[in-house]
Amino acid sequence: MKDINVLNRAWWKEGVIYQIYPRSFKDTTGNGIGDLQGIIQKLDYIASLGVTMVWLNPIYESPNDDNGYDISDYRAIMSEFGTMEDFSELLEGLHERNIKFIMDVVVNHSSDEHEWFKQSRSSRDNPYRDYYHWWPAEKGKPNHRWSFFDENSDAWKYDAQTNAYYLHYFSQKQPDLNWENPKVRQEVYNIMKFWADKGVDGFRLDAFQFVSKDIEFPPFPEGYDDNIPSVIKYHGMGPHIHHYLREMYNEVLSKYDVFAVSEGAGSTLDDAHSIVDEDRNELQMVYHFEGTDLVSSLDKCTLKDFKASFTKWETSFENKGWISMYLSNHDQSRVVNRFGSDNPKFKDYSAKMLNTFILSMRGTPYAYYGDELGMTNIGFTEIEQYKDIAAINGYKKAASDGENLNQYLKKLNLLSRDNGRTPMQWDASNHAGFSKETPWLPVHENHTTVNVANQEVDQNSVLHHFKKMVALRKDNLVFVYGKYKIIQKEHPTVYAYSRTLDKQKMIILLNFSETVSSINLLNLVQCKEVLINNYDHLTIEKNTATLQPYQAVILKF
Ligand code: TEU
């Protein structure tokens, strides 16, 4: 068993990240859009959660084709969100409360309104031409490349000005930067240093699997299909990714007390280890998509697959490297709808159960704003209600492919990213205390009951449970570094596991179902204390625990 003294301890392993979608947190200007002053107003709330890091989705200047993931100036704050002074005030306010700040870095692509791209597209011999990927039209149409947000899923866009195609893996307004060009990489490192010098404590590297690609753009092999794992394999994780990451480590990360986490790069076990293992000197953390991808259609996943996936990742990083632990973010619908139940009878229990899960596993937990309250999907039914480019263009593509559009709308209703982006629910007032004016996305009608004001005074609330879990994790390193062992992995409704460190042993029992479930465990009667329980009772008879629907308990031995 591991001794606490030999653990490779780090603040970014022991902390809890709170992710804020700035557009939806708190509006102070009355334009229906959240802003930095809004986050500043809520700093005491954030601190009251006990979280130790805050990650904000991009706050740079942007025409907002993809809500800030299309950046037109990497050194300026989006005017809708505020100013650089607001940013400094926010950073200071977080640091005063001992909370670190994680900056989103979106450098697989920029906005087409970035000065580099304006230059690049202006002529074939412009010095910025090779900042992006261009394919001269006289060579014919380039080979197929897939685009996430293009309405034809076509990543090549013809540009008449220079009679050439440019590459955009995401929307047409998000041209891919050419990482083969050392000047582009230096630009990125300088941008990162600019923010590190201002005092940010970490970086989240967006869509980083795609920075390295085969820029000969050969045809894909026979049988290639546009599904996410193939898209990543054939469009990204190219031959130079490790070179880029080491260069970034040497130029930036090693020079500051910061950590960096990549999205995308590291989405298989081997890729992840090749990036985060300590001897690699690349990044400190990655996050994989396997858990969230378990619900990527209208079918809910089975608990068996869920356990298998998390057990595989959990055990693989026991001795080397580090990962993130999350079930939701701004690219997902609300976690309760995907892995729990929004049935009023079970909603709060399942929200607490899911928070117990992410906060009792090894990787650094990411809590997405509103999950501490158990916010649920807005559940749009008409395409006109959506704001997200992924939903709008996905629908157009489905229409032109002759797909069943009712089915497509059902899928969006459960899984669209807009579900997870509705305004934070502060109180029961008209716009949930988010804004005085009509918000950019409607507030959920359940804000009259599901809101911070109510939950702060209710000792049984999802919010109180969340705070209790955060405090428990911070007080017990066993949840961070302890050995994980799954118990009765075949159990159809209960996810049970132990965490052990030195003499400390915890057993976590999570009922992932709407039915009462029993589990028989040896030595259950030796349990010393029930540390967490989302019900007011727990039935243990002899060595059998009987769990109510979505009951979650942590037992100390
Ligand atoms: O997402 C990139 C991305 O690759 C995801 O869409 C991922 O493939 C998918 O979730 C797998 O299931 C990032 C941002 O998180 C997203 O919000 C942006 O829209 C996108 O990059 C473009 O910057």
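The values are calculated or read from the model by the stated rules, or taken from the named source; none is laboratory data. Bear in mind that the values here come from a model prediction, so they are computed numbers and not experimental data. Please note: Cβ atoms are built from the backbone with ideal geometry, for glycine as well, and neighbour counts cover all protein chains shown.
Observations, loosely collected:
- Number of the condition not met by LEU298 [criteria: (1) under 15 Å from GLY340 (Cα atoms); (2) in contact (Cβ under 8 Å) with a residue 60 or more places away in the chain; (3) within 13 Å of the ligand (Cβ to nearest atom)]: (3)
- Residue that is farthest from GLU96 (Cα to Cα) [pool: residues in the stretch 30-72 that are away from the ligand (no atom under 16 Å from the Cβ) and of a type in the set (Asp, Glu)]: ASP35
- Pairs, first under 21 Å from ASN190 (Cβ atoms) and not assigned by TED's automatic domain parsing to the domain that holds MET53 in the stretch 251-271, second aliphatic (A, V, I, L, M) and modelled with pLDDT of 95 or more, C-beta under 7 Å, six or more apart: none
Residue-wise test of (1) surrounded by fewer than 23 Cβ atoms within 10 Å (Cβ to Cβ); (2) of a type in the set (Lys, Arg); (3) assigned by TED's automatic domain parsing to the domain that holds SER498.
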| site | (1), (2), (3) |
| --- | --- |
| ASP293 | yes, no, no |
| SER309 | yes, no, no |
| SER316 | yes, no, no |
| SER333 | no, no, no |
| LYS347 | yes, yes, no |
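- Members of the stretch 154-163 found to be touching a helix residue (DSSP H, G or I) at 6+ places or on another chain (Cβ under 7 Å) and either assigned by TED's automatic domain parsing to the domain that holds GLY236 or within 13 Å of the ligand (Cβ to nearest atom) (or both), listed by number: none
- The lone exception for ASP331 - which of (1) within 16 Å of the ligand (Cβ to nearest atom); (2) in a helix (DSSP H, G or I) it fails: (2)
- The single residue among ARG97, ARG75, ARG145 that is away from the ligand (no atom under 16 Å from the Cβ), under 27 Å from GLN186 (Cβ atoms) and either under 22 Å from the mean Cα position of the chain (by Cα) or among the basic types (Lys, Arg) (or both) turns out to be ARG75.
- Criterion: under 22 Å from TRP55 (Cα atoms), aromatic (Phe, Trp, Tyr) and modelled with pLDDT of 95 or more - qualifying residue of PHE217, PHE194: PHE194
- Exactly one residue out of ILE17, ILE46, ILE39 is β-branched (Val, Ile, Thr), over 17 Å from the mean Cα position of the chain (by Cα) and buried (at least 22 other Cβ atoms within 10 Å of the Cβ): that is ILE39.
- Filter pass, ASN250 being within 13 Å of the ligand (Cβ to nearest atom) and surrounded by fewer than 20 Cβ atoms within 10 Å (Cβ to Cβ): no
- Checking ASP70 against (1) more than 25 Å from TYR386 (Cβ to Cβ); (2) assigned by TED's automatic domain parsing to the domain that holds LEU253, the condition it does not meet: (1)
- Within the stretch 100-132, the residues that satisfy the criterion of being within 16 Å of the ligand (Cβ to nearest atom) and not polar (S, T, N, Q) are ILE102, MET103, ASP104, VAL105, VAL106, VAL107, HIS109, ASP112, GLU113, HIS114, PHE117, TYR132.
- From TYR256, TYR244, residue being surrounded by 14 or more Cβ atoms within 10 Å (Cβ to Cβ), in contact with a helix residue (DSSP H, G or I) (Cβ under 7 Å, 6 or more places away or on another chain) and closer than 22 Å to ILE17 by Cα: TYR256
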